[in-house]
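Peer 1: I am attaching a structure below and will ask some questions about it afterwards.
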Amino acid sequence: MSDINAIDFDYVRELVYRESAISIEPDMKYLVVSRLTSLLRKTGHADIAELVSSLRGRREAGLVEQVVDAMTTNETSFFRDSHPFDTLCQEVLPRIAATHNDPIRIWCAACSTGQEAYTIAMAIHEFCPALVPRVSIIGTDISREVVAKAQAGTYNRLEVNRGLPAQLLARYFTQQGLAWQVKPELMKMVEFHTLNLIRDWGALPEMDVIFLRNVLIYFDPEAKSSILRNTSRVLKPDGCLFLGLSETTLNLNTDYQRVTSEKSHYYKIA
């Protein structure tokens, strides 16, 4: 495995933070070396020193994006921590549907390879079928590579075996050789785009529900507060925000208050 010197390590840490607000701690050198070594196979650089030299000179288009992608953790699975999906379908969506007749928009921020967005689509088909025509789901991620995979909707056996019940696999996927393809009835509910949470969010429409789960853990308090304030600007007044089980708005500069339901919790603007 290639190695990285202290100066190059600090440069990569600062670059990744500047581009994505992802904090790489001083004791995470092994992680950086491991991920950049894997990236060398794609970029063709001889070692990490040569790669960082190219970064400094900005000589290769897209290299900064590739490095940030490499530093991003894309851990995801179908029906991860299943209770929020129960709360969404049993409590949140019926209440929202009763308050207005407009389309219902759900945003999966930092959606990775798309499993969460497709999970929401499956849950709505299963538990709120009457709402299917009204719901649209937007999945976004900073990585073009994972967004492309999400758009393709094709998953290998290991991926579908992580959290996806066999009956739902049979109902909503088509087997294609050793892979499984999401069926059209789910794909037409979901669209995917690239979006950097610390940059301009562009023309993102108002949302009824935002899933920002297991994302804030990678940011420092200042970035967390900024992202949460921005979500409150795109969330409708009666909308709901879902965070990860280990995440909270406590001690952050936000207007959110926690709402505890029977199986999980979510946040609303106070």
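Peer 1: If you go through segment 227-259 one residue at a time, how many are charged (D, E, K, R) and in contact (Cβ under 8 Å) with a residue 60 or more places away in the chain?
Peer 2: Qualifying residue count for the region: 1.
Residue-by-condition table, conditions (1) at pLDDT 95 or above; (2) out of contact with any helix residue (DSSP H, G or I) (no Cβ under 6 Å at 6 or more places or on another chain); (3) small (Gly, Ala, Ser):
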| residue | (1), (2), (3) |
| --- | --- |
| Ala152 | yes, yes, yes |
| Asn156 | yes, yes, no |
| Pro184 | yes, yes, no |
| Met207 | yes, no, no |
| Leu212 | yes, yes, no |
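Peer 1: Are there helices (runs of 4 or more DSSP H) fully within segment 1-81 with at least 3 residues that are under 30 Å from Ala166 (Cα atoms) and over 19 Å from the mean Cα position of the chain (by Cα)? List them.
Peer 2: So the answer is none; nothing clears 3.
Peer 1: Over 17 Å from the mean Cα position of the chain (by Cα) and not β-branched (Val, Ile, Thr): which single residue out of Arg171, Arg144 fits that description?
Peer 2: Values: Arg144 fails: over 17 Å from the mean Cα position of the chain (by Cα).
Result: Arg171 is the single residue among Arg171, Arg144 that is over 17 Å from the mean Cα position of the chain (by Cα) and not β-branched (Val, Ile, Thr).
Peer 1: Which condition number in (1) farther than 30 Å from Asp208 by Cβ; (2) assigned by TED's automatic domain parsing to the domain that holds His125; (3) not charged (D, E, K, R) is the one that Ala46 fails?
Peer 2: It is condition (2) that Ala46 fails.
Peer 1: Could you go through segment 208-217 and let me know if any residue there is of a type in the set (Asp, Glu) and surrounded by fewer than 18 Cβ atoms within 10 Å (Cβ to Cβ). Write out each step before concluding.
Peer 2: Narrowing segment 208-217 to residues of a type in the set (Asp, Glu): 208.
Pick out the ones that are also surrounded by fewer than 18 Cβ atoms within 10 Å (Cβ to Cβ) and you get none.
Looking through segment 208-217, none of the residues is of a type in the set (Asp, Glu) and surrounded by fewer than 18 Cβ atoms within 10 Å (Cβ to Cβ).
Peer 1: Considering only residues of segment 100-112 that are at negative phi and touching a residue at least 40 places away in the same chain (Cβ under 8 Å), which is surrounded by the fewest Cβ atoms within 10 Å (Cβ to Cβ)?
Peer 2: Only one residue fits best here, namely Arg105.
Peer 1: Scanning for something under 30 Å from Glu262 (Cα atoms) and buried (at least 18 other Cβ atoms within 10 Å of the Cβ), does segment 53-76 turn up at least one residue?
Peer 2: Yes, segment 53-76 contains at least one residue that is under 30 Å from Glu262 (Cα atoms) and buried (at least 18 other Cβ atoms within 10 Å of the Cβ).
The values are calculated or read from the model by the stated rules, or taken from the named source; none is laboratory data. Source: prediction; values computed, not measured. Positions of Cβ are backbone-derived with ideal geometry, glycine not excepted, and every protein chain shown enters the neighbour counts.
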